[in-house]
Every structure is written in structure tokens, then in C-alpha cells.
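See structure below.
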Amino acid sequence: MEENQYYVVKQRALPKVLLKVVKAKKLLESEQVDTIHDATEAVGISRSSFYKYKDDIFPFHDNVRGKTVTFILQMEDEPGALSSVLQKLAEYRTNILTIHQTIPINGIASLTLSVDVLNGSKDVSEMLQSIECLSCVHYLKILARE
């Protein structure tokens with residue numbers, strides 16, 4: 001799963017388009033603009049560039065510990081699948097705040113989790129990657145970090 005690895009790079013190493021995508025997302029989140037069209041126009045990128053990268057770039061906060069991370073994943077509806085995800089969360093010493101699993105459709109369930117990253121927690125990126133590598137998990141996406 002090489003394409004799903006996470007990297008931390010310095011801002012100066014990023015192409016300008018990725019930095020502009022982050023700026024556009026901030027404009028939308030802060031409600032300084034109403035539409036994606038307005039946000040992309042304000043930062044000088046195409047909407048197609050925004051859509052291409054919006055789910056793959058986000059600011060890294062040095063102090064992740066003491067924060068809440070919310071992510072969604074799609075997984076097989078099979079005995080023990082949820083248990084294996086929860087085991088990974090326990091291994092990385094995070095505290096589960098909320099958990100919501102949808103009713104499975106065609107053998108696939110969506111799971112939304114919010115976890116508290118404690119001072120004693122291990123690396124969050126490694127945790128997410130280890131969950132994503134589970135055979136029962138099809139997809140994982142970070143929704144928010146607070």
C-alpha cells in the first residue's frame with residue numbers, strides 16, 4: 001500500500017499548488033468565501049486542482065498529543081473486523097471518544113471514530129497506516145484534527 005503512506009515535508013518543499021489548496025480549504029472553513037469556485041479563484045488555482053488534492057493535504061500540527069482525531073473507514077462486515085480496528089487503537093494507546101458504525105450494505109460497513117491522542121500515545125500516522133493495512137479495511141480518511 002505504498003500510495004497510502006504519510007509523509008511530513010517542510011513547506012518550502014511543497015509545490016505551490018498544494019499550498020494554495022490548503023489556503024483555499026482555510027478560506028472555506030473560516031467562511032470567508034461561500035463556494036469552492038470563490039476559494040479557488042481567490043488563491044489562484046483551478047477547481048480541478050482543488051478537487052484533485054483536497055483530501056490529501058492538510059497542515060501538520062506539531063503538538064498532536066492532547067488532540068482529537070476523527071477518521072472514517074470502510075471495512076468488511078465480518079466477525080472480528082471491528083475488534084481488530086479497536087485492538088490497533090488500544091495498541092497505540094489512544095482513547096476512543098465516539099464510535100459509529102453504519103448498517104452494512106453489500107458486506108461493507110462505514111465506521112466513524114473520534115479518538116483522543118494522549119500524552120502516552122504512540123505515533124498517530126503509524127496507527128492510521130496500521131489500521132489501513134488490516135485486511136478487513138478498504139479505505140481510511142482523516143476527517144478532522146482538533
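The values are calculated or read from the model by the stated rules, or taken from the named source; none is laboratory data. Everything quoted here is computed from the prediction, not taken from an experiment. Because the Cβ atoms are built from the backbone with ideal geometry, glycine has one as well, and the counts that use them run over all protein chains shown. Protein only, heavy atoms only, side chains kept; ligands, DNA and RNA dropped before computing areas. Shrake-Rupley method; radii C 1.70, N 1.55, O 1.52, S 1.80 Å.
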Quantify, in whole percent, the carbon and sulfur part of the accessible surface of region 33-128 (1.4 Å probe; protein heavy atoms only).
48
Can you give the accessible area per residue of the chain, in Å², using a 1.4 Å probe?
65
Per the charge dipole of the chain (beta-carbon charges, Lys/Arg positive, Asp/Glu negative, Cα centre), the residue among His138, Ala90, Gly120 reaching farthest to the positive end is Gly120
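Please give the charge dipole size of the chain, origin at the Cα centre, charges +1 on K and R Cβ atoms and -1 on D and E Cβ atoms. Round to the nearest 20 debye.
On the way: 17 positive and 19 negative charges, 132 e Å.
The dipole of the chain has a size of about 640 debye.
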Options (i) 30, 18, 15; (ii) 35, 17, 14; (iii) 41, 18, 12 for semi-axes √(5λ) of the Cα gyration tensor in Å; the value derived from the coordinates is listed as (i)
Pick from Thr94, Thr40, Thr102: which is most flexible by mean-square fluctuation in a GNM of the chain where alpha carbon atoms under 10 Å apart are linked?
Thr102
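Over 22 Å between Cα atoms: which of Lys16/Lys122; Lys54/Lys88; Lys25/Lys88; Lys20/Lys122; Lys16/Lys52; Lys52/Lys122 fall into that group?
Numbers: Lys16/Lys122 32 Å; Lys54/Lys88 27 Å; Lys25/Lys88 30 Å; Lys20/Lys122 31 Å; Lys16/Lys52 14 Å; Lys52/Lys122 31 Å.
Beyond 22 Å between Cα atoms: Lys16/Lys122; Lys54/Lys88; Lys25/Lys88; Lys20/Lys122; Lys52/Lys122.
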How high is the relative contact order of the chain, in percent, counting Cα pairs under 8 Å that sit 6 or more residues apart?
26
Given a 10 angstrom Cα cut-off, can you work out which residue in Glu126, Glu31, Glu91 is the most mobile in a GNM of the chain?
Glu31
